[in-house]
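This report concerns only the one structure given below.
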Amino acid sequence: GVGVILGMRDDGALFVHKLCHGGAAEGSKLQPGDVLWKIDGQDVYRQPAPTVAGLLLGPPGSEAVIEACRPAPGRRDDTNIAEQGVFFTQRIRRAHTDPEAARQAMEEAVNDAKAVKMAGMGCVEHNDTGFGCLPGR
């Protein structure tokens, strides 16, 4: 895969929540908070997490072309992201993600989500099945 943990915004859009240490996306343009728009030319904005995760996964060495939108500062949960954000395309060569790094990134993402919910903001949801940062196939 590309070594990312996905989160879901209140509007149903998936975003990069965490990058896995040593994962393929580390060192790329992708940053936490970037909203996924297209993967390999396929529209993924507000698509189900399993669908998007399936597109991110792939054989090591294959390339994922990810189009994302970086929200304007201070507008992370704005529903008008297409008008306010900056779009960019990143090519990432898929690689095997270390299972320990994936587990650690997932735990951090879940803990972050719990902290956000405990603070009463409720802007991040996570699926406990671990979509996004799975060892490459």
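The values are calculated or read from the model by the stated rules, or taken from the named source; none is laboratory data. Since we're looking at a predicted model, the values are computed, not measured. With ideal geometry, Cβ positions are generated from the backbone for all residues, glycine too; neighbour counts draw on all protein chains shown. Ligands, DNA and RNA are stripped out before the accessible areas are found, and what is left, the full protein with its side chains, is counted by its heavy atoms. Shrake-Rupley method; radii C 1.70, N 1.55, O 1.52, S 1.80 Å.
Mind counting the residues in the stretch 24-45 that are in contact with a Gly (Cβ under 7 Å, 6 or more places away or on another chain) and open to solvent by 10 Å² or more (accessible area, probe 1.4 Å)?
Final tally of qualifying residues: 2.
Suppose the filter is open to solvent by 40 Å² or more (accessible area, probe 1.4 Å), outside any loop (DSSP other than H, G, I, E, B) and either closer than 19 Å to Arg103 by Cα or out of contact with any Pro (no Cβ under 6 Å at 6 or more places or on another chain) (or both); does Pro50 pass it?
The answer is yes for Pro50.
Determine, yes or no, whether Val2 is open to solvent by less than 20 Å² (accessible area, probe 1.4 Å), in a loop (DSSP other than H, G, I, E, B) and of a type in the set (A, V, I, L, M, F, W, C).
In short, yes.
With the checklist (1) in a loop (DSSP other than H, G, I, E, B); (2) closer than 19 Å to Ala109 by Cα in hand, flag the one item Pro73 doesn't pass.
Failing condition for Pro73: (2).
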